[in-house]
Amino acid sequence: AGYVKVGKATIASRQRTSLSLTKAGRAAFAAHVAELRRITEGL
C-alpha cells in the first residue's frame, strides 16, 4: 500500500534492513489511532 519504506545496506559484512513509515503511512496510522480513540470514547 506504500505505507512503509524499506532500506537495505551492508555494514561490517552484514545485511541491515531498516523500515520507516512514508508520509502516507504516517497519515494512515494517525487515522487508525484516531478511529480507535473514537471507538473507545464511549467505554
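The values are calculated or read from the model by the stated rules, or taken from the named source; none is laboratory data. From a predicted model like this one, the values you see are computed outputs, not experimental measurements. Ideal geometry is used to build each Cβ from the backbone, glycine not excepted, and the neighbour counts take in all protein chains shown. Just so you know, the surface numbers come from the protein's heavy atoms only, side chains and all, with ligands and any DNA or RNA stripped out. Shrake-Rupley method; radii C 1.70, N 1.55, O 1.52, S 1.80 Å.
Probe of 1.4 angstrom, ligands and nucleic acids ignored: what's the accessible area per residue over the chain, in square angstrom? Intermediate results must be reported in sequence, preceding the final value.
On the way: 3930 Å² over 43 residues.
Roughly 91 Å² per residue, with all protein chains present.
Quote the relative contact order of the chain in percent (integer), defining contacts as alpha-carbon pairs under 8 Å separated by 6+ residues. Mind dumping the intermediate values first?
Details: 34 pairs, mean separation 14.9, N = 43.
Computed over the chain, the figure is 35 percent.
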Separation in nanometres of the label points that stand 7 Å from Cα toward Cβ, at Thr22 and Glu41: 3.1
Given backbone amide H placed at 1.01 Å from N, residues whose amide H is under 5 Å from that of Leu21, ignoring those fewer than 5 places away on the same chain, are Lys5
What Rg and what Dmax come out for the chain when only alpha-carbon atoms are used, in angstroms? 16.2, 53
Burial order of peptide ranges 2-15, 25-38 (average beta-carbon count within 10 Å, highest first): 25-38, 2-15
